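Reading through the C-alpha cells given below for one structure.
Taken together, the values in this text are just the output of simple stated rules run on the coordinates, not laboratory data. Not measured: the values here are computed from a predicted model. Cβ placement follows ideal geometry from the backbone for every residue including glycine, while neighbour counts extend to all protein chains displayed.
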Amino acid sequence: MAIAAEAFVARQAGDNERYLSLTKEAFDKEKAAAWRLFQKLEAEPTRSVLFRSAAQLAFNYGEIREAEQLLSAALAGNPPGEILLELRALYKKVLEVLEEGGLK
C-alpha cells in the first residue's frame, strides 16, 4: 500500500512515468498476496480486500482483463457487504471499458 500511495503522489505531481512504474510494482505485489489467499475463504475480509486492491491497481495500470479476473476471484469468495459493493462497482467500470473495446 505504501508503494500505491507513492504512486498517487507521483500522479499528483504529474510524473506519469513514475506513477506507472510504481503502480505496476504495487500491482505485482498486491496480486501475488491476493493469489496466495485464493483458496483460503476463511481469510475474509483480508482475501477480498487484497483482490479488490490488486484489481483497482490493474485497472489503473490499464490491465483491464487482469482486473476482471481479479474481481472474479474476489467474488468467488465470501466478501463482506461493504467490500462486495465496492467489488461490484469496480466490476461495472471494468465492464464499461471492455464494452468500449479496451481489451488489454
Practice problem: Report the net charge of residues surrounding PRO79, where surrounding means a beta-carbon distance below 12 angstrom and charges are Lys +1, Arg +1, Asp -1, Glu -1. | Solution: 0
Quiz item: Once Lys and Arg get +1 and Asp and Glu get -1 on their Cβ, which of GLY14, PRO79, MET1 lies farthest toward the positive end of the dipole of the chain?
Solution: PRO79
Quiz item: ALA2 versus THR46, label points 7 Å from Cα toward the beta carbon: distance in nm?
Solution: 1.9
Exercise. Taking 7 Å along the Cα-to-C-beta vector as the label spot, tell me the GLU82-ASP28 distance in nanometres, rounded to one decimal.
Key: 3.2
Quiz item: Dipole size in debye (nearest 20) for the chain around its Cα centre, Lys and Arg Cβ +1, Asp and Glu Cβ -1?
Solution: 180
Quiz item: Helix 64-75 versus the longest principal axis of the chain: what is the Cα-based angle in degrees, 0 to 90, to the nearest 10?
Solution: 30
Self-check item: Highest average packing first - 17-27, 49-59, Cβ atoms within 10 Å
Solution: 49-59, 17-27
Quiz item: Could you give the angle, 0 to 90 degrees to the nearest 10, between helix 16-36's Cα long axis and the longest principal axis of the Cα atoms of the chain?
Solution: 20
Quiz item: What percent do you get for the relative contact order of region 28-99 when only Cα pairs under 8 Å and 6+ apart count?
Solution: 30
Self-check item: Using a Förster distance of 30 Å, the FRET efficiency for LEU98-ARG18 (Cβ separation, nearest 0.05)
Solution: 0.60
